[in-house]
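Worksheet: the structure to be examined is printed underneath.
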Amino acid sequence: MNNIKLDITKAACFLEAGAVKAFEPKVKDAQKALEEGTCPGNDFLGWLHLPTEITPAFLDEIMATAKVLRENCEAVVVAGIGGSYLGARAVIEALSNSFGWLIQDKKNPTILFAGNNIGEDYLFELTEYLKSKKFGVINISKSGTTTETALTFRLLKKQCEAQRGKEEAKKVIVAVTDAKRGAARTCADKEGYKSFIIPDNVGGRFSVLTPVGLLPIACAGFDIKALVGGAQDMEKACAPSVPFDENPAAQYAAVRNALYQNGKKIEIMVNYQPKLHFVSEWWKQLYGESEGKDKKGIFPASVDFTTDLHSMGQWIQDGERTIFETVISIEEPEKKLLFPEDEENLDGLNFLAGKRVDEVNKMAELGTRLAHVDGGVPNIRISVPKLNEYYIGQLIYFFEIGCGISGNVLGVNPFNQPGVEAYKKNMFALLDKPGYEADSKAIKERLAKEQ
């Protein structure tokens, strides 16, 4: 099978000749540091060779658990936040029927996502929906104390037990958590839930190919062996031994850093397939949380074209020239739909009669790229032959290794997220959480002065 392809020509043309090639030594050093474990955050490199380390027996165990949930649940709720749900959701939404939640596919349970917000209306409406459903829960949390996820799991656990009985509920609640410690591990052991381990050396945003992503994806009915197979092939295509000019991840890391050095501070992820919306959401977390530190980092943004051409398109075409685009282009859609003839032709579109809708979409994509390049926006293009498990697996690993290399070139630790803790400290202080008494007093005095 072919690999996804990277085209940087419409981005490199905005740089001085040889600017991308000039990053080759830095990129090679960055990838060498990853391989040898000498880079910052080297205790979180478990994802690096994860695809080729996954065994058939491990995938069989995942699929066996998924089979139990699929056979006993009309709906499965994935409780997790950030990297504990975005990867799974990206893959599931990319491969699912766009209207599956309306169709109520009898072969596959409806996959729902919660634990990623504290919206009372959202959680109330979720629990109301589940009252008439036989549902199960996949609780994904290394610690078991992340507020959004822990609050949601407490609600869902109680409801599942009330509706199905405690013994039956045990069969359809699965924990994906730490091997030995944390509230979620304690709960899983006490209740007797089936559980899978989140490896200590794999951070959340790099965890799609662990049980964090693989179990929900398998529950949705998708081929996780093909997904892992795609990631394995991309791992080989991006290996340190692959020459710089032929290594897509090395090229991506080099060109985006060259553009950043040249004043392009914002990278906009673009798709022309609505199914890819959550791929962009996952990518934003991966790159934003990995690179946005030490007052550095490209700001990751995203748009869904052609929809957003009618809103954000104006800014991208004519706004401040601090942006570049990375476009994910799907070469061949799964379905075929021809544009019809109309006798009255009131909309003037009969010139499209007989053409595939995708051909119109592709011309919109090409026309937009030409316009944006003419408008001063560098364009990187990632070409994906088809939207299936294999190529999504390739895309996942390509972005992961590209992120690891790019963060090292930038000179930050790509594998920590110290800034994420700031809001939590304030929130716990405001909620008078035990242990935060001094912080509670200080923040309340501050707020009183600001009134």
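The values are calculated or read from the model by the stated rules, or taken from the named source; none is laboratory data. None of the values given here were measured: they were computed from a predicted structure. Because the Cβ atoms are built from the backbone with ideal geometry, glycine has one as well, and the counts that use them run over all protein chains shown. Ligands, DNA and RNA are stripped out before the accessible areas are found, and what is left, the full protein with its side chains, is counted by its heavy atoms. Shrake-Rupley method; radii C 1.70, N 1.55, O 1.52, S 1.80 Å.
Annotation: per residue accessible area for the stretch 293-451 equals 55 Å², rounded to a whole number [probe 1.4 Å, protein chains only].
By the gyration tensor of its Cα atoms, with a ≥ b ≥ c the square roots of the eigenvalues, what is the shape of the stretch 312-418: rounded for a/c under 1.5, prolate for a/b over b/c, or oblate? Oblate is the answer for the stretch 312-418, as a/c is 1.5 or above yet b/c matches or exceeds a/b. Neighbours of Gly144 by Cβ distance under 13 Å: Lys/Arg scored +1, Asp/Glu scored -1, total +3. Remark: the stretch 1-96 carries 47 Å² of accessible area per residue (probe radius 1.4 Å; ligands, DNA and RNA excluded). Proximity of backbone amide H atoms, modeled 1.01 Å from N, is registered between Ile138 and Val77, Val78, Ala79, Val174 at under 5 Å, excluding neighbours fewer than 5 places apart on the same chain. Counting only DSSP beta bridges with both residues in the chain, the antiparallel share comes to about 10 percent. Given the DSSP H assignment, sum -39500 (n - 2.57) over each helix run of at least 4 residues in the chain and divide by its residue total; what's the result at 222 nm in deg cm²/dmol, nearest 500? Estimated from H runs of four or more residues: -15000 deg cm²/dmol. Peptides 438-449, 265-276 ranked from most to least packed give 265-276, 438-449, packing being the mean of other C-beta atoms within 10 angstrom over each peptide's residues. Which lysines have a Cα less than 19 Å from the Cα of Lys386, not counting those fewer than 8 places away in the same chain? Within the straight-line limit of under 19 Å, Lys386 reaches these lysines: Lys5, Lys225, Lys275, Lys335, Lys336, Lys362.
Of the residues Ala301, Met312, Gly263, the one whose Cα sits farthest towards the positive end of the charge dipole of the stretch 251-316 is Gly263 (charges of +1 on Lys and Arg Cβ, -1 on Asp and Glu Cβ, taken about the Cα centre). By the rule of a C-alpha distance below 12 Å, with chain neighbours fewer than 8 residues away ignored, the aspartates and glutamates paired with Lys106 are Glu71, Glu74. Scoring 399-407, 325-333 by mean Cβ neighbours within 10 Å over their residues and listing the highest first yields 399-407, 325-333. Over 21 Å between Cα atoms: which of Lys10/Lys265; Lys194/Lys425; Lys157/Lys424; Lys157/Lys433; Lys133/Lys170; Lys134/Lys166 fall into that group? The pairs that break the limit, which is 21 Å between Cα atoms, are Lys194/Lys425; Lys157/Lys424; Lys157/Lys433.
The distance from the alpha carbon centre of the stretch 224-243 to that of the stretch 297-370 is 30 Å, rounded to a whole number. Please work out, to two decimal places, the log10 of the ratio I(q)/I(0) at q = 0.16, 0.18, 0.20 Å⁻¹ from a Debye calculation in which every Cα of the stretch 199-328 carries one identical scatterer. Normalising to I(0) and taking log10 leaves -1.04, -1.25, -1.38. Of the labelled figures (i) 84, 60, 44; (ii) 87, 62, 39; (iii) 62, 59, 57, only one reflects Cα extents along the principal axes in Å as derived from the coordinates, namely (iii).
As a rough guide to protection, the peptides 87-94, 354-361, 41-48 ranked by mean Cβ packing within 10 Å, highest first, stand as 87-94, 41-48, 354-361. In the chain, the portion of solvent-accessible area held by carbon and sulfur atoms comes to 54 percent [1.4 Å probe, whole percent, DNA, RNA and ligands not counted].
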